[in-house]
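Here is the structure we will look at.
The values are calculated or read from the model by the stated rules, or taken from the named source; none is laboratory data. Please read these numbers as outputs of a predicted model, since none were measured by experiment. Here the Cβ is made from the backbone with ideal geometry for all residues, glycine too, and neighbour counts use every protein chain on show. When the accessible area is computed, the model is the full protein with side chains, heavy atoms only, and any ligands, DNA or RNA have been set aside. Shrake-Rupley method; radii C 1.70, N 1.55, O 1.52, S 1.80 Å.
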Amino acid sequence: MELLDIDQSMEELRESFKSRKTRSIAWRRSQLKGLQGLLEEKEGDIFRALQEDLGKPCAESYRDEVGTVKKSLNLSLACLEEWTSSKKVRLPMVLFPTSGELVAEPLGVVLIITSWNFPLGLALEPLIGAIAAGNAAVVKPSELSPACSSFLATNIPIYLDNKAIKVIQGGVSVSEQLLDKKWDKIFFTGSARVGRIVMSAASKHLTPVILELGGKCPAIYDTLSSYRDTKVNMLKDRIQRNYGNDPRESNSMSRIVNKHHFQRLRNILKDPKVAASIVHGGSMDEDTLFIEPTILMNPPLDSEIMTEEIFGPILPIITLKKIEDSIEFISSRPQPLAIYAFTKNETLKKRIVSETSSGSITFNDCIIQFVVDALPFGGVGQSGFGKYHGKFSFDAFSHEKAVLRRSFITEFSSGSPPWNDFKLGFLRAAYNFDYIALFLMLLGLKRS
Amino acid sequence: MANKRVDMPLMAFPTTGEIVPEPLGLVLIFSSWNFPVGLALEPLIGAISAGNTSVLKPSELAPASSSLLTILVPFYLDNKAVMVIEGGAPVAQRLLDIRWDKIFFTGSPRIGRIIMSSAVKHLTPVTLELGGKCPAIVDTLTSSKDREVVAKRIIGGKWVPCNGQGCIAIDYLLVEEKFATAMVDLLKSTLKRFYGENPRESNSLSRIVNKQHFMRLKGLLNDPGVAASIAHGGVVDDDKLYIEPTIMVDPPLDAEIMIEEIFGPLLPIITLKKIEDSIGFINSKPKALAVYIFTRDETLKKRVISETSSGSVTVNDAVIQYVCDTLPFGGIGQSGFGRYHGKFSFDTFSHEKAVMRRPFLDFNFRYPPWNNNKLQFLRSVYNLDYFKLFLLFLGLKK
């Protein structure tokens, strides 16, 4: 996209926001309904685009990107009135008759940068929050998922108000141009490396950012007495049930996104000590960008596979003397976006919650926390900062303005200069909410 | 501090979810020189109640306060968990090289940018409490009682807080042309009540912090257009770093005094044809930490609240929002991001961790190999279509 296009787009977005149309509840509703229409009518195209970019099977696309966004849209439409209404707050009696409230207002024009792995879901989920909060927005899809990027660029203008919501496609140079502009908020999903670039650019304009990064999400697997078989055999069995004897033939598995990532993963397995630890899988096909579901048993802890986020179909299993050692193992590493633990041991669960730190913890399941709107979704430490989903998405793109209304009635001269000891005494009583002392002072019955 | 249960969708029964606040870790608090004790301790309270270890870096421009904190904090607090580190820019630079779990900064936008840039290295979240030109809209009031109250509150919002050197101090006034003279007279007489005939002798006024800021403020008055607009005050004493409470009427809008945050005892009054024009005026400037409006007109109040954007809006008073713990204190746009006070302080230094507990009960439709039937299940789940789900389970629907 030409530099001029971006400037023109920004101009149009600022005008739209300035015209106050994005603030109207009717407008927000119409846009959210527009997204509903898009998901309903273009589902086939969505499945095709995801199949093209990532080889995603329809059920997976529905489960992870379409169904989730539909659910979020339903919630946002149902809750829009409630979220946008102002909230009264209680004030100390000493300020009577004052009233206070919190008024949610949109931030302005926001930028949403998304990643390639859930290219639709991770673009639309934050966009829902931006719209519900009354902002104008630009979505910058990842160029590594070009079919989905194209899909968004074609369809968003059809279903949404394209003077207030735009999709801007492109690679690194387009991202750089966008990051140069002044935004009222930037929402980024991706790697820590690019997250730093985004935050750096944002600091120029003092733009607040949300960084949804990643990390090495561990799963603690307690020895469950009801299982007779070893973990590895159970996993092998399950892989076979899910994907058949030859996963390469399965229709139920996504593909590695591109050659670059395929080579990255292949190189990780090339480390001889890592290769030696393979207990299942390991086969690869560069033409189809296929890597078999692979399990490793105790690869070296200093190998790249155990220091970098894997982001692929390789699963290292690290064994410990006792399961409680997992807490120290996890705590000695950067905080991940999620920690999973499969156990029935309540003491262990409590210890994990209080002695580790992560974006979230899920017991006895994985990933599913993503679909629960009542739970904030976001990281801590190296996995990022800020959160969204459900009302948290609305909050992420809002400013809660404090509004205080005072009356003309009460005006104590004790609150103004010229200062003296009596007035100081008055202020002390006021801050201590010592109403009796205040009353007596006002009556002149107490000096200070 | 207590965990907060959240409602799970019925679909997920019997799952439980809760939000568990946890400390971020090691936090760094930079405070400014105008409220050197308050602006250091207020965020520290949040950091401590959220369970963090903290370093306080007070401003070197308020050396006595900085010294006092350095001596007293280790005496009253656990000095292995809360530390005060004094010093100027080189010390601040050195501190910013370290990995923090949060940085809380109060100060100017210029330094705020440096802080945020430094925080990038370690992806440290920051809260920036900056400033801006906080305007006060003063509607034409007819009742003399109202006028008196307003005059007191304007002075209370301008000169009382550290002689105008405050991030939420009133920076300038917006009034209707016809009210300007009355406004000036009101302020003059109330200033006399508060500070006497010669404010230089008053014990009730803070001082300009140092020569650098004194020279900066004097410079603002040196602009000929500004000097010509002085309606009251203007007396300057280089030795005492004293500038009299000064009021100007309609200084040039492109003079520095109307572009930069004043942070001093100078009060421009900008006149307008009608008071509603104040909204457009405010919107043409960067968003401030606070907007003040003095009026009895309910419509005007509503318009100002919904058509301007700022950290906060206070109607018929100024600065007092600072003491209300149930109101978040923080900016937007150039006045910063993040907030604190009351529980907002606790939240600012916490991570709200989501904890989900699932049963071992499971359903095949969640897993590959995929087929149309499973896709149907997933659709019903997301649509919260319990009836359809029930039928699918019974095998009655294909």
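Restricting the count to DSSP beta bridges whose residues both fall in the range A:227-378, what percent are antiparallel, rounded to a multiple of 5? Working shown, then result.
Values: 4 of 12 bridges.
If I count the DSSP bridges inside the range A:227-378, around 35 percent turn out antiparallel.
Considering the Cα positions of the range A:1-151, please state its Rg to one decimal place and its Dmax as a whole number of Å.
For the range A:1-151, the Cα radius of gyration and maximum Cα-Cα distance read 18.7, 65 Å.
Report for chain A the percent antiparallel among DSSP-assigned beta bridges with both residues inside it, nearest 5. Don't skip to the end; give the middle numbers.
Working: 18 of 45 bridges.
Bridges in chain A that DSSP calls antiparallel: roughly 40 percent.
On average, how many beta carbons from a partner chain sit within 10 Å of the beta carbon of a residue in B:367-378? Please report the intermediate quantities before stating the final value.
Working: counts 5, 14, 10, 12, 5, 2, 1, 4, 8, 1, 2, 8.
Mean number of neighbouring Cβ atoms from other chains: 6.
If you wrap a convex hull around the alpha carbons of the range B:245-398, what volume per residue comes out, as a whole number of Å³?
Values: hull volume 38.9 nm³, N = 154.
Value for the range B:245-398: 253 Å³ per residue.
Does chain A come out rounded, prolate or oblate by the C-alpha gyration tensor, with a ≥ b ≥ c the root eigenvalues, rounded set by a/c under 1.5 and, if not, prolate when a/b is larger than b/c and oblate if not? Walk me through the numbers before you get to the answer.
On the way: a/c = 2.47, a/b = 1.52, b/c = 1.62.
In terms of gyration-tensor shape, oblate.
Of the listed pairs A:K259/B:K374; A:K182/B:K287; A:K163/B:K274; A:K21/B:K302; A:K33/A:K163; A:K87/B:K302, which have alpha-carbon separations greater than 23 Å here?
Numbers: A:K259/B:K374 31 Å; A:K182/B:K287 14 Å; A:K163/B:K274 33 Å; A:K21/B:K302 18 Å; A:K33/A:K163 17 Å; A:K87/B:K302 15 Å.
Table pairs above 23 Å Cα-Cα are A:K259/B:K374; A:K163/B:K274.
At 7 Å along the Cα-to-beta-carbon direction for both A:V279 and B:E256, put a label point, then send me their distance in nm to one decimal.
It is 7.2 nm.
Just want to confirm a number: the relative contact order over chain B, from Cα pairs under 8 angstrom separated by 6+ residues, in percent.
19
Take chain B, connect every pair of alpha-carbon atoms lying under 10 Å apart with a spring to form a Gaussian network, then pick out the residue of B:T271, B:T142, B:T106 with the largest mean-square fluctuation.
Looking only at B:T271, B:T142, B:T106, the largest GNM fluctuation is found for B:T142.
If B:K178, A:K270, B:K285 are ordered by their accessible area, calculated over protein heavy atoms with a 1.4 Å probe, which sequence runs from highest to lowest? Display every interim value, and only then the final one.
Numbers: B:K178 155, A:K270 125, B:K285 50 Å².
Sorted descending by solvent-accessible area, the residues read B:K178, A:K270, B:K285.
With r as the distance between the Cβ atoms of B:I19 and A:E304 and R0 = 30 Å, compute the FRET efficiency 1/(1 + (r/R0)^6) and round to 0.05. Please report the intermediate quantities before stating the final value.
Numbers: r = 35 Å, r/R0 = 1.16.
In this case the efficiency is close to 0.30.
Once you average over the residues of B:332-344, how many Cβ atoms of partner chains fall within 10 Å of each Cβ? Display every interim value, and only then the final one.
Working: counts 8, 9, 2, 1, 2, 8, 1, 3, 0, 1, 1, 0, 2.
Across the residues of B:332-344, the mean count of other-chain Cβ atoms within 10 Å is 3.
What whole-number volume per residue, in cubic angstrom, does the convex hull of the C-alpha atoms of the range B:63-148 give? Display every interim value, and only then the final one.
Numbers: hull volume 15.2 nm³, N = 86.
Normalising the Cα hull of the range B:63-148 by residue number yields 177 Å³.
Nearest-5 percent of antiparallel DSSP beta bridges in the protein assembly as shown? Mind dumping the intermediate values first?
Numbers: 36 of 106 bridges.
Approximately 35 percent, going by the DSSP bridge assignments.
Could you give the nm distance between label points at B:E298 and A:R90, where each point is 7 Å from its Cα heading toward the beta carbon?
Distance between the two pseudo-spin positions: 2.7 nm.
Taking only Cα atoms, what is the 0 to 90° angle, nearest 10, from helix B:298-307's long axis to the longest principal axis of chain B?
Helix B:298-307 sits roughly 60 degrees off the main axis of chain B.
Normalised by the number of residues in the range B:287-394, what is the relative contact order in percent for Cα pairs under 8 Å and 6+ residues apart? The partial results should precede the final answer.
Details: 114 pairs, mean separation 19.6, N = 108.
With pairs under 8 Å counted, the relative contact order is 18 percent.
Can you compute 3J(HN,Hα) from phi for each residue in the range A:285-299, using the Karplus curve 6.51 cos²θ - 1.76 cosθ + 1.60 with θ = phi - 60°, rounded to whole Hz and x for Gly and Pro?
These are the phi-based 3J(HN,Hα) values: 9, 5, 5, 9, 6, 10, 10, 5, x, 10, 10, 10, 10, 6, x Hz.
Suppose R0 equals 22 Å. What FRET efficiency, 1/(1 + (r/R0)^6) with r the Cβ-Cβ distance, do B:H122 and B:E86 give to the nearest 0.05?
Numbers: r = 23 Å, r/R0 = 1.05.
Given R0 = 22 Å and the Cβ-Cβ separation, E is 0.40.
Could you compute how much accessible area chains A and B hide from each other, both sides summed, with a 1.4 Å probe? Nearest 100 Å² is fine. Display every interim value, and only then the final one.
Working: alone 23320 and 20360 Å², together 36200 Å².
Chains A and B together bury approximately 7500 Å².
Along Cα→Cβ, 7 Å out, is where each label goes; now give me the distance between the ones at A:L442 and B:L26 in nm to one decimal.
5.0
How much of B:V91 can a 1.4 Å solvent probe reach, expressed as accessible area in Å² and rounded to 10?
40
Angle check, please: helix A:259-270 long axis (alpha carbons) against the longest principal axis of chain A (alpha carbons), in degrees 0 to 90, nearest 10.
Between the helix axis and the principal axis of chain A, the angle is about 70 degrees.
State the Kirkwood hydrodynamic radius of the protein assembly as shown in Å, one decimal place, computed from all pairs of distinct Cα atoms. Don't skip to the answer; put the middle values down first.
Values: mean 1/r = 0.0338 Å⁻¹.
Radius from the Kirkwood sum: 29.5 Å.
Please name which of B:M11, B:G330, B:N79 has its Cα lying farthest along the dipole of chain B towards the positive end, using unit charges on Cβ (Lys, Arg +1; Asp, Glu -1) and the Cα centre as origin.
Result: B:M11.
Can you give me the Kirkwood hydrodynamic radius for the range B:86-204, using every pair of distinct Cα atoms, in Å to one decimal? Please report the intermediate quantities before stating the final value.
Working: mean 1/r = 0.0575 Å⁻¹.
Answer for the range B:86-204: a Kirkwood hydrodynamic radius of 17.4 Å.
Tell me, what is the FRET efficiency for A:F311 and A:T223 to the nearest 0.05, using R0 = 41 angstrom and their Cβ-Cβ distance as r?
Efficiency, rounded to the nearest 0.05: 0.90.
Run the numbers for A:F329 and A:S200: contour at 0.36 nm per residue of separation, minus the present Cα-Cα distance, in nm. Working shown, then result.
Working: separation 129, 0.36 × 129 = 46.44 nm, distance 3.16 nm.
Extra length available between A:F329 and A:S200 comes to 43.3 nm.
Calculate for the protein assembly as shown the 222 nm mean residue ellipticity that helices alone would give, adding -39,500 (n - 2.57) per DSSP H run of length 4 or more and normalising by residue count, nearest 500 deg cm²/dmol. Please list the in-between numbers first.
Details: 31 runs with 331 residues, N = 846.
Helix-only estimate at 222 nm: -11500 deg cm²/dmol.
If you count, for every residue in B:119-129, the Cβ atoms of partner chains within 10 Å of its Cβ, what is the mean? Spell out each step's value before the answer.
Values: counts 3, 10, 3, 3, 13, 3, 10, 5, 1, 3, 0.
Whole-number average of other-chain Cβ neighbours for B:119-129 is 5.
Nearest 10 degrees, 0 to 90: what angle lies between the long axis of helix A:146-159 and the longest principal axis of chain A (Cα atoms)?
40
Quick check on the range A:360-448: take the gyration tensor over C-alpha atoms, sort the square-rooted eigenvalues as a ≥ b ≥ c, and tell me if it's rounded (a/c under 1.5), prolate or oblate.
On the way: a/c = 4.04, a/b = 3.23, b/c = 1.25.
Prolate shape, in that a/c is at least 1.5 and a/b is the bigger ratio.
With springs only between Cα atoms under 10 Å, which of A:S414, A:S358, A:S332 fluctuates most in a Gaussian network model of chain A?
Of A:S414, A:S358, A:S332, the most mobile in the Gaussian network model is A:S414.
Considering Cα pairs under 8 angstrom that are at least six residues apart, work out the relative contact order of the range A:284-442 and quote it in whole percent. Mind dumping the intermediate values first?
Values: 160 pairs, mean separation 19.9, N = 159.
Computed value for the range A:284-442: 13 percent relative contact order.
Give the residue from A:L265, B:A228, B:Y386 lying farthest towards the positive end of the charge dipole for the protein assembly as shown; charges sit on Cβ (+1 for Lys and Arg, -1 for Asp and Glu) and the dipole is referred to the Cα centre.
B:Y386
Jot down the per residue volume, in cubic angstrom and as a whole number, of the convex hull over the alpha-carbon atoms of the range B:168-283. Display every interim value, and only then the final one.
Values: hull volume 12.6 nm³, N = 116.
Per-residue hull volume (Cα only) is 109 Å³.
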